[in-house]
Amino acid sequence: MTILLPLARSLSTAAVSPFRLAVVGSGPAGFYTSHRLLKDWPNTRIDMYDALPVPHGLVRFGVAPDHPEVKNVMTTFDKVAEDDRFRFLGNVTVGSDGIAVDELKQHYDAILFSYGASEDRRLGIPNEDLYGVESARAFVGWYNGLPRHRDLQLPLDQTDTAVVIGQGNVALDVARVLLSPLDELRKTDITEYALETLSKSRIKHVHVVGRRGPLQAAFTTKELREQMSLPGVVFKTDSEWVKSQIASVDLSKNRPLKRMMSLLEKGSPTKNGDKSWSLQFLRSPTEVIPNADGSAVEGIRYEINRLEGPFDRCKAIGTGEFETQSCGLVLRSIGYKSLPMEGVPFDERQGRVPNNFGKIMDKNDEELPGLYTAGWLKRGPTGVIVSTMSDAYETADTIVNDLKEGKPMLSPGKKEGADGLAALLKERNIRPVSYADWKKIEAAEFAIGAQLGKPREKFSRIQDMLDVLKA
Ligand SMILES: Cc1cc2nc3c(=O)[nH]c(=O)nc-3n(C[C@H](O)[C@H](O)[C@H](O)COP(=O)(O)OP(=O)(O)OC[C@H]3O[C@@H](n4cnc5c(N)ncnc54)[C@H](O)[C@@H]3O)c2cc1C
């Protein structure tokens with residue numbers, strides 16, 4: 001009896017149609033949800049779609065080139081992709097330009113939306129579209145080889161001063177890249193065209209500006225420490241005021257913040273140098289100042305703020321006093337933003353898909369059968385890869401619970417997954433890129449990188465990625 005039991009169980013599993021899930025987006029959220037689901041609900045088949053021919057979302061296109069250790073998660077993602085219950089279909093956009101959500105629905109039991117946040121929040125001030133004002137998101141995409149930003153033009157050779165609006169880790173990433181010695185960057189997977197442009201950069205001073213104070217800054221200790229250690233770069237701030245802010249609160253029960261504040265007080269070991277970075281507080285941008293002929297940015301105007309309320313919830317209140325700062329480059333780094341997708345509920349106010357532990361809800365707060373979300377699209381564009389992982393596991397658990405409870409999925413009946421969409425893709429001239437294809441693209445990137453003495457040289461044009469597969 002005991003010998004026959006596993007056989008009986010496997011026969012019954014084989015007889016049950018697999019649970020077919022489409023995953024939209026191949027960043028950490030999509031991969032970690034898949035990882036958990038394949039483990040906890042073995043009779044699962046997953047097709048993961050991405051608009052780009054290459055997977056891994058912001059791990060490839062967001063994480064700074066000088067943080068290679070963060071990108072080790074790709075090894076976990078490779079393991080997921082090796083599972084023969086998993087398929088990757090890169091180069092397939094879900095939504096208006098590729099496969100519609102309604103078309104996906106016909107071929108799957110459920111869909112997981114994990115397409116992240118591909119836009120950014122704007123300042124909403126006059127002259128924000130002037131040449132020389134850009135999103136940190138575009139700058140990051142540009143140096144990391146994101147095809148959409150391959151041809152970004154920035155006046156790096158026309159000015160020595162950049163202003164970064166926002167005080168989170170992305171703001172420090174871009175400040176660090178602007179001020180890092182080129183020889184350090186050369187060893188990373190930063191794109192060659194970015195290196196070439198940065199080699200002509202005249203930027204020497206980067207001001208990282210926030211509307212509140214040091215206790216409210218959103219960056220973390222590791223990133224601040226790196227910034228303080230940049231060789232030859234002096235750190236400037238209003239030290240007396242910063243010290244008074246730190247002294248005004250009891251941080252004994254908040255060790256991470258205490259550590260960060262002591263770093264701030266200590267500053268940088270570099271006391272002399274021709275490069276600098278500064279942290280400027282209590283400033284809200286009110287206007288970008290154009291140059292004489294209106295063709296580019298020449299400065300930025302701020303309203304000076306004061307803080308009101310307890311330090312962990314305080315608000316910046318405008319004082320009616322203004323200040324102008326000269327600069328030739330402004331990078332806004334005040335947050336990423338998800339976009340709505342036709343056929344998927346979206347909460348414009350919160351900028352995310354309304355959900356209950358990952359189960360998508362309609363506008364009457366009712367659960368929508370078979371529709372799930374994870375990652376930045378689920379909880380808003382904040383948090384590191386580890387928090388995205390926990391969040392993805394939560395969604396996977398919700399899916400598994402729904403399956404265990406026999407909750408309704410998209411529509412009854414046997415589903416074919418991507419096979420059912422093959423004719424449609426062909427008709428639309430969409431050539432899906434498999435994970436094996438991606439590995440060929442990656443091998444070509446490694447090969448070019450080896451010649452250049454760097455980990456990889458990313459292809460930054462979609463056609464170049466696809467051309468590897470023709471060879
Ligand atoms: C600049 C920057 C630096 C960061 N650095 C770090 C770091 O050092 N350490 C760390 O732990 N975390 C870092 N993070 C955070 C980390 O990248 C995120 O937590 C994580 O990537 C979010 O995962 P996600 O899967 O929700 O979204 P994403 O990683 O954005 O993945 C979304 C995927 O969906 C795809 N997609 C979008 N639209 C469509 C569509 N219509 N159809 C099909 N596919 C689509 C995209 O191409 C992308 O592959 C950084 C983030 C940024 C922005």
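Looking only at the range 45-77, count every residue that is more than 10 Å from the ligand (Cβ to nearest atom) and free of Cβ contacts under 8 Å to residues at least 40 places away in the same chain and tell me the total. Within the range 45-77, residues that are more than 10 Å from the ligand (Cβ to nearest atom) and free of Cβ contacts under 8 Å to residues at least 40 places away in the same chain number 3. For the range 441-451, enumerate the residues that are of a type outside the set (Val, Ile, Thr) and either touching a Lys or Arg at 6+ places or on another chain (Cβ under 6 Å) or surrounded by 14 or more Cβ atoms within 10 Å (Cβ to Cβ) (or both). Answer for the range 441-451, where residues must be of a type outside the set (Val, Ile, Thr) and either touching a Lys or Arg at 6+ places or on another chain (Cβ under 6 Å) or surrounded by 14 or more Cβ atoms within 10 Å (Cβ to Cβ) (or both): 442, 444, 445, 446, 449.
When the residues of the range 353-367 are narrowed to those that are part of a loop (DSSP other than H, G, I, E, B) and exposed (fewer than 15 other Cβ atoms within 10 Å of the Cβ), which ends up nearest to the chain's Cα centre (by Cα)? If you could, list the steps in order and put the result at the bottom.
Filtering the range 353-367 for residues part of a loop (DSSP other than H, G, I, E, B) gives 353-354, 357-358, 362-366.
Then keep just the ones that are exposed (fewer than 15 other Cβ atoms within 10 Å of the Cβ); that gives 357, 362-366.
Details: 357: 21, 362: 26, 363: 27, 364: 30, 365: 28, 366: 29 Å.
Step by step, filter the range 353-367, then rank; the result is 357.
The single condition among (1) in contact with a Leu (Cβ under 7 Å, 6 or more places away or on another chain); (2) near the ligand (Cβ under 10 Å from one of its atoms); (3) modelled with pLDDT of 95 or more that residue 118 does not satisfy is (3).
To keep it simple, each residue is scored yes or no on (1) assigned to a loop (DSSP other than H, G, I, E, B); (2) assigned by TED's automatic domain parsing to the domain that holds residue 420; (3) surrounded by fewer than 23 Cβ atoms within 10 Å (Cβ to Cβ).
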position	(1), (2), (3)
76	no, yes, yes
88	no, yes, no
92	yes, yes, no
103	no, yes, yes
107	yes, yes, yes
131	yes, no, yes
140	no, no, no
153	yes, no, yes
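Note on the range 168-201: residues that are in a loop (DSSP other than H, G, I, E, B) and among the aliphatic types (A, V, I, L, M) amount to 1.
If you go through the range 368-387 and keep only what is over 18 Å from residue 169 (Cβ atoms) and either surrounded by 16 or more Cβ atoms within 10 Å (Cβ to Cβ) or hydrophobic (A, V, I, L, M, F, W, C) (or both), you end up with 368, 370, 371, 372, 373, 374, 377, 378.
Is it the case that residue 199 is farther than 29 Å from residue 295 by Cβ and assigned by TED's automatic domain parsing to the domain that holds residue 299?
When the stated conditions are applied, residue 199 does not pass them.
In the range 313-333, the count of residues that are hydrophobic (A, V, I, L, M, F, W, C), part of a loop (DSSP other than H, G, I, E, B) and surrounded by fewer than 15 Cβ atoms within 10 Å (Cβ to Cβ) is zero.
Among the residues of the range 388-399, at least one is more than 20 Å from residue 116 (Cβ to Cβ) and either surrounded by fewer than 22 Cβ atoms within 10 Å (Cβ to Cβ) or in contact (Cβ under 8 Å) with a residue 60 or more places away in the chain (or both). Cβ-Cβ contacts under 9 Å between residues 6 or more apart (or on different chains), taken from a first residue in the range 233-244 that is without any contact (Cβ under 8 Å) to a residue 24 or more places away in the chain to a second residue that is part of a helix (DSSP H, G or I) and among the acidic types (Asp, Glu), are listed as 243/265. Considering the range 155-193, the residues that are without any contact (Cβ under 8 Å) to a residue 60 or more places away in the chain and crowded, with 21+ Cβ neighbours inside 10 Å include one that is farthest from residue 284 (Cα to Cα), namely 178. Looking only at residues of the range 78-100 that are closer than 20 Å to residue 118 by Cβ and of a type in the set (Val, Ile, Thr), we find that the one that is farthest from the ligand (Cβ to nearest atom) is 99. Taking (1) part of a loop (DSSP other than H, G, I, E, B); (2) surrounded by 20 or more Cβ atoms within 10 Å (Cβ to Cβ) in turn, residue 84 satisfies each apart from (2). Within the range 341-352, the set of residues being away from the ligand (no atom under 11 Å from the Cβ) and in a loop (DSSP other than H, G, I, E, B) comprises 343, 345, 346, 348, 349, 350, 351.
Output the helices (runs of 4 or more DSSP H) that fall wholly within the range 205-310 and possess 3 or more residues being over 22 Å from residue 168 (Cβ atoms) and not acidic (Asp, Glu), or say none.
Qualifying helices (runs of 4 or more DSSP H): 239-247.
The values are calculated or read from the model by the stated rules, or taken from the named source; none is laboratory data. Here the structure is a predicted model, which is why all the values come from computation and not from measurement. As a convention, Cβ positions derive from the backbone with ideal geometry for all residues, glycine included, and neighbour counts pool all protein chains shown.
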